[in-house]
Amino acid sequence: MDTAYRVVGVVGAGAMGRGIGQIAAQAGSTVKLFDVAPGAAAKARDAVYAQWAKLHEKGRLDTQTLQSQRAALVEAATLADLADCDLVIEAVVERLDVKQGLFAELETIVRPDAVLASNTSSLSITAIASALQHPGRFAGYHFFNPVPLMKVVEVIAGLKTDAAVCQGLTRYARAMGHTPVQAADTPGFIVNHAGRGYGTEALRIVGESVADFATIDRILKDQAGFKLGPFELMDLTGLDVSHPVMESIYRQYYEEPRYRPSALAAQRVAGGVVGRKAGEGFYRYVDGTAQVPAEPPVPQVDQIPPVWVSPRAARRAELFQLLKDLGARIETGQSPSMEALTLVAPLGFDITTVAVVERLDPARTIGIDMLFDDAATKRRVLATNPATRVDMRDAAHALFARDGKAVSVIRDSGGFVTQRVVATIVNIAADICQQSICSPRDLELAVTLGLGYPAGPLALGDRCGPTNVLEVLFNLQTVYGDPRYRPSPWLRRRGAIGLSLLHEET
């Protein structure tokens with residue numbers, strides 16, 4: 001254990017404070033847990049005791065360790081009881097005035113060499129420290145809930161934080177079994193900043209009536225490998241929690257379009273339709289189980305027409321091979337016959353734009369998302385345009401479902417679903433690197449541990465190809481005319497020269 005923090009105070013006995021106290025006691029520190037609400041600290045302490053007792057019953061915690069950990073986690077009756085602490089970590093309500101007042105009071109109680117840290121997820125460390133006489137000993141120490149399971153902690157220096165303070169907190173995080181990552185004092189730090197693209201872009205897609213919640217969730221899980229779809233995730237977190245974070249980061253970045261929240265989410269918060277805990281969110285819950293609508297059945301088609309593939313299609317060779325494997329009749333002429341199903345596979349563009357630019361009959365034109373290698377996905381996604389005939393839509397659906405792989409058919413959208421969401425995630429991550437908020441390595445660690453993504457955003461960009469991500473963003477900006485999609489200079493330079501996004505500059 002880092003001997004500098006033998007006695008640790010935790011202010012706030014909610015789930016976060018309780019979790020921090022638990023891992024600190026397990027690391028060998030004496031932990032004093034304080035809360036202004038009468039009985040809250042004792043209740044939190046007893047909850048941790050109960051967890052340890054269960055581990056002891058299962059043989060995963062020996063008697064001596066159980067006794068020593070119980071002795072290490074104690075209730076503090078007053079704030080003054082934290083006077084002998086080497087480190088005090090705050091985990092109270094996310095209000096700047098409350099945190100400033102608390103730390104100003106703590107500064108009069110603890111020793112001059114004691115370290116003060118905030119678990120804030122969205123407030124400026126520099127702003128909180130501005131109320132202190134000695135801001136050099138103050139830093140951000142952002143854990144994630146549930147703390148014992150979420151093994152990442154952001155260590156954040158304010159403008160006046162002494163380097164030694166962050167070094168000590170970094171060592172202590174490792175002693176508690178967590179992975180520390182260094183973040184600059186910017187809105188959302190690393191994880192909450194990097195996570196802005198997933199939910200906000202999905203909300204934009206559903207707001208354009210491209211697809212419903214369940215379809216978008218299925219696509220992003222089956223095509224990109226996310227464990228939870230964005231609407232499942234927001235229901236689990238609670239929209240009353242996630243939407244204010246969206247709004248906070250958007251405002252703190254002076255209304256940067258990349259972080260723009262959704263009016264759809266604001267309406268649901270106002271109506272109390274916030275997720276699983278309310279019994280209704282993007283899904284309705286019965287006995288805690290989401291009521292997910294069934295997928296549309298594969299259409300029954302008597303005869304599938306011949307298929308012609310645009311010469312500009314992404315992964316055209318792979319698409320041809322896929323069509324052969326599915327037993328399609330493939331046309332190879334310079335233009336499609338009058339009977340052909342016309343297949344396009346754009347990056348970033350919508351199907352309407354491609355049909356017009358390539359002078360194709362929109363009534364027979366269908367798009368397929370080929371951002372990822374088909375063999376690496378569990379779902380194919382097709383998109384119609386406003387003029388696509390029903391028989392052509394059904395024929396395409398039936399054809400691409402021949403081998404049993406799931407197929408989703410969505411309405412026209414620049415970048416389908418996966419392209420839009422993945423490109424947005426990668427672009428925000430690239431700009432985090434551009435701003436030197438953290439190193440690429442710490443970014444990847446923070447996102448995979450803190451958000452549970454299938455890969456870090458930079459690795460995800462490499463998997464798609466930085467040049468392809470760049471093309472998606474440029475074309476999305478053309479389709480929507482929205483600066484939200486303007487590529488980060490950091491990404492643009494790497495995409496232009498074909499450099500891996502994980503490459504560390506010298």
*Does the stretch 288-302 contain any residue that is surrounded by 13 or more Cβ atoms within 10 Å (Cβ to Cβ) and not in a loop (DSSP other than H, G, I, E, B)?*
yes
*Is one or more of the residues making up the stretch 333-348 open to solvent by 40 Å² or more (accessible area, probe 1.4 Å), in contact with a strand residue (DSSP E or B) (Cβ under 9 Å, 6 or more places away or on another chain) and not in a loop (DSSP other than H, G, I, E, B)?*
no
_The listed residue being at pLDDT 95 or above, open to solvent by 10 Å² or more (accessible area, probe 1.4 Å), of a type in the set (Phe, Trp, Tyr) and touching a Leu at 6+ places or on another chain (Cβ under 9 Å), out of 213, 282_ = 282
*Could you check residue 164 against (1) part of a loop (DSSP other than H, G, I, E, B); (2) open to solvent by 10 Å² or more (accessible area, probe 1.4 Å) and say which number it fails?*
(1)
*Enumerate the helices (runs of 4 or more DSSP H) found wholly within the stretch 353-456, keeping only those where 1 or more residues are among the aromatic types (Phe, Trp, Tyr).*
390-400
_Residue pairs, Cβ under 9 Å, 6 or more apart or interchain, first in the stretch 390-415 and touching a residue at least 60 places away in the same chain (Cβ under 8 Å), second of a type in the set (Phe, Trp, Tyr) and buried (at least 17 other Cβ atoms within 10 Å of the Cβ). List them._
407/400; 410/416; 414/349; 414/480; 414/485; 415/349; 415/485
_Checking the conditions here, which among 269, 241, 245 is in contact with a helix residue (DSSP H, G or I) (Cβ under 7 Å, 6 or more places away or on another chain), part of a helix (DSSP H, G or I) and over 14 Å from residue 198 (Cα atoms)?_
269
*Which of the following residues is in contact (Cβ under 8 Å) with a residue 40 or more places away in the chain and among the acidic types (Asp, Glu): 154, 107?*
154
_Can you say whether residue 126 is part of a helix (DSSP H, G or I) and of a type outside the set (Gly, Ala, Ser), as far as the supplied structure shows?_
yes
_Step by step: first the residues of the stretch 167-195, then only those that are among the hydrophobic types (A, V, I, L, M, F, W, C) and under 23 Å from the mean Cα position of the chain (by Cα), then the one that is surrounded by the fewest Cβ atoms within 10 Å (Cβ to Cβ). Which residue is that?_
184
_Taking the condition of being over 27 Å from residue 391 (Cα atoms) and touching a residue at least 40 places away in the same chain (Cβ under 8 Å), how many residues in the stretch 286-311 meet it?_
2
*Scan the stretch 1-17 for residues that are closer than 18 Å to residue 121 by Cα and either among the small types (Gly, Ala, Ser) or surrounded by fewer than 24 Cβ atoms within 10 Å (Cβ to Cβ) (or both) and jot them down.*
12, 13, 14, 15, 16, 17
*Search the stretch 73-127 for residues being over 18 Å from residue 14 (Cβ atoms) and of a type in the set (Ser, Thr, Tyr), and hand back the single one that is most open to solvent (accessible area, probe 1.4 Å).*
108
*May I ask you to list the residues in the stretch 357-373 that are among the charged types (D, E, K, R), farther than 12 Å from residue 392 by Cα and over 34 Å from the mean Cα position of the chain (by Cα)?*
358, 359
*Could you give every pair whose Cβ atoms fall below 6 Å, whose first residue belongs to the stretch 218-239 and is over 18 Å from residue 200 (Cβ atoms) and in contact (Cβ under 8 Å) with a residue 60 or more places away in the chain, and whose second residue is assigned to a helix (DSSP H, G or I) and open to solvent by less than 10 Å² (accessible area, probe 1.4 Å), counting only separations of at least 6 or pairs across chains?*
223/418
*Might you let me know whether the stretch 462-474 holds any residue that is outside any helix (DSSP H, G or I) and within 22 Å of residue 381 (Cα to Cα)?*
yes
_Quick check on my filter: what residues within the stretch 442-462 are hydroxyl-bearing (Ser, Thr, Tyr) and touching a Gly at 6+ places or on another chain (Cβ under 8 Å)?_
448
_Looking at the stretch 481-506 only, could you name the residues that are modelled with pLDDT of 95 or more, open to solvent by 70 Å² or more (accessible area, probe 1.4 Å) and assigned to a helix (DSSP H, G or I)?_
492, 493
*Within the stretch 224-235, considering residues that are in contact with a Leu (Cβ under 8 Å, 6 or more places away or on another chain) and not hydrophobic (A, V, I, L, M, F, W, C), the one surrounded by the fewest Cβ atoms within 10 Å (Cβ to Cβ)*: 229
*Within the stretch 18-49, track down each residue that is open to solvent by 50 Å² or more (accessible area, probe 1.4 Å), within 20 Å of residue 150 (Cα to Cα) and either over 32 Å from the mean Cα position of the chain (by Cα) or among the β-branched types (Val, Ile, Thr) (or both).*
28
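Every residue, every condition in (1) under 20 Å from residue 464 (Cα atoms); (2) of a type in the set (Val, Ile, Thr), yes or no:
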position	(1), (2)
327	no, no
370	yes, no
374	yes, no
389	no, no
405	no, no
415	yes, no
425	yes, yes
435	no, no
*Of the residues 70, 60, which is open to solvent by 80 Å² or more (accessible area, probe 1.4 Å) and assigned to a helix (DSSP H, G or I)?*
70
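The values are calculated or read from the model by the stated rules, or taken from the named source; none is laboratory data. Since the model is a prediction, treat every value here as computed from it, not as a measurement. Heads up, the Cβs are rebuilt from the backbone with ideal geometry, glycines too, and the neighbour counts pull from every protein chain shown. Ligands, DNA and RNA are stripped out before the accessible areas are found, and what is left, the full protein with its side chains, is counted by its heavy atoms. Shrake-Rupley method; radii C 1.70, N 1.55, O 1.52, S 1.80 Å.
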